[in-house]
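Every number here is computed from the coordinates shown, using simple stated rules; none is lab data. In this text the structure is predicted, and so the values were computed from the model without any measurement. Virtual Cβ from ideal backbone geometry, glycine too; neighbours counted across all protein chains shown.
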C-alpha cells in the first residue's frame, strides 16, 4: 500500500512538473516584446499616450474657440442693441412726404479731359 501511494505521489509530482514547464513556456511566449502579447500591449500603451495628448490638444483648442465665440456673440449682441436703439430713434423722425427738405442725390459725370489723363 505504501508502494502504491509512493508511485501515485511520484506520478502526481511528475505531472505537476510537466504542467509547470508548459505554463512557463507559454508565459515566456506571451510576454515576448517582439511578437507576443507584450508587444501588442506596448503598442497599445503608446497609442493610448498619443490619443491622450491629442485629446488634450483638442480640448485646449475647443476652449479657445468657445472663448472666441463667446466674445463674438457678446459683440453681436451689443451691435444688435445699438441697431435697436437706432431703429427706435427713426420712429421719432417726421415722415419724408411732409418734409419740405428732401434729400437729393446728384451724380457728377467725369469730364473728358480727366479720362485722357488716366490713359
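Length gained on full extension, residue 18 to residue 57: 8.8 nm, using 0.36 nm per residue less the C-alpha separation. With R₀ set to 30 Å, the beta-carbon distance separating residue 49 from residue 26 gives a calculated FRET efficiency near 0.55. Each distinct pair of alpha carbons in the stretch 12-65 adds a 1/r term; the inverse of their mean, the Kirkwood radius, is 14.2 Å.
Rg and Dmax, both from the Cα atoms of the stretch 33-90 and both in Å, are 24.6, 79.
Need the full-extension length gain, residue 71 to residue 83, defined as separation in residues times 0.36 nm minus the C-alpha distance. One decimal, nm. Don't skip to the answer; put the middle values down first.
On the way: separation 12, 0.36 × 12 = 4.32 nm, distance 1.85 nm.
Using 0.36 nm per residue and subtracting the Cα-Cα distance, I get 2.5 nm.
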